[in-house]
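Accompanying notes for the structure given below.
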Amino acid sequence: MDYFRKMCGCGRDNCRPGLLGLLPKPDVSETLWSFIGALCGIGVVAWLCDRVASPGDGFVLIGSFGASAVLAYGAPGAPFSQPRNLLGGHVLSALVGVFVARNLGVPGLAGMSGAEAQVLSTAWLAPAVAVAAAIALMHLTDTLHPPGGATALIAVTGSPQIQALGYKYAVVPVAAGAAALLVVALLVNNIPRGRRYPRHWW
């Protein structure tokens, strides 16, 4: 009975703070700085993809960066938003995703060189294994960053352009994009008096 009771929640006033705690409702200033940070952070990464990167270097805008922007600019004090988590979570998850994709025979990354039946029989499993393994590795290394799960998933299910990168995916676009988001977070989050980023580096 207690198992099902837990699914009802405990209400905002009665819950003990969890990993993120119960975030207070932000004021107008906090909302504005979150908006500015996300606009600048995603804007910089998108600009790098569009204007600086050449078509063959793999610098593409991946969806998990949007989720990282929510944390880095919308909740800069949260444990999952800190630099170790932002960088480590993305890079480790990317490596896990590529490893799983290559070893479970997903068509876009490993090609169809093996038995086609084997490829088809494991293609459904690779996304689940990639995300689960990424979460486990982030837990073990104290780099838990929720968008990392999406980074691992993209390595398995992403476009042929992403899958063709192989392990380079962990460097460009993942590490490079996460580093750009981090630099913007450092610059923007420390402008207002009431904000401080990061809480810790390591």
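For the reader, a short list of remarks on this structure follows.
- Subset of segment 120-157 that is of a type in the set (S, T, N, Q) and touching a residue at least 24 places away in the same chain (Cβ under 8 Å) - its residue that is nearest to Gly88 (Cα to Cα): Thr143
- All told, Arg199 meets the bar of being basic (Lys, Arg), at pLDDT 95 or above and not in a helix (DSSP H, G or I).
- Tallying residues that are part of a helix (DSSP H, G or I), of a type in the set (A, V, I, L, M, F, W, C) and farther than 14 Å from Ala179 by Cβ within segment 53-68 yields 1.
- Out of Phe59, Phe65, Phe80, one residue alone is among the aromatic types (Phe, Trp, Tyr) and modelled with pLDDT under 95. It is Phe59.
The values are calculated or read from the model by the stated rules, or taken from the named source; none is laboratory data. The shown structure was predicted, so the numbers you read here are calculated from the model rather than taken from an experiment. Neighbour counts run over all protein chains shown; Cβ positions are idealised from the backbone, glycine included.
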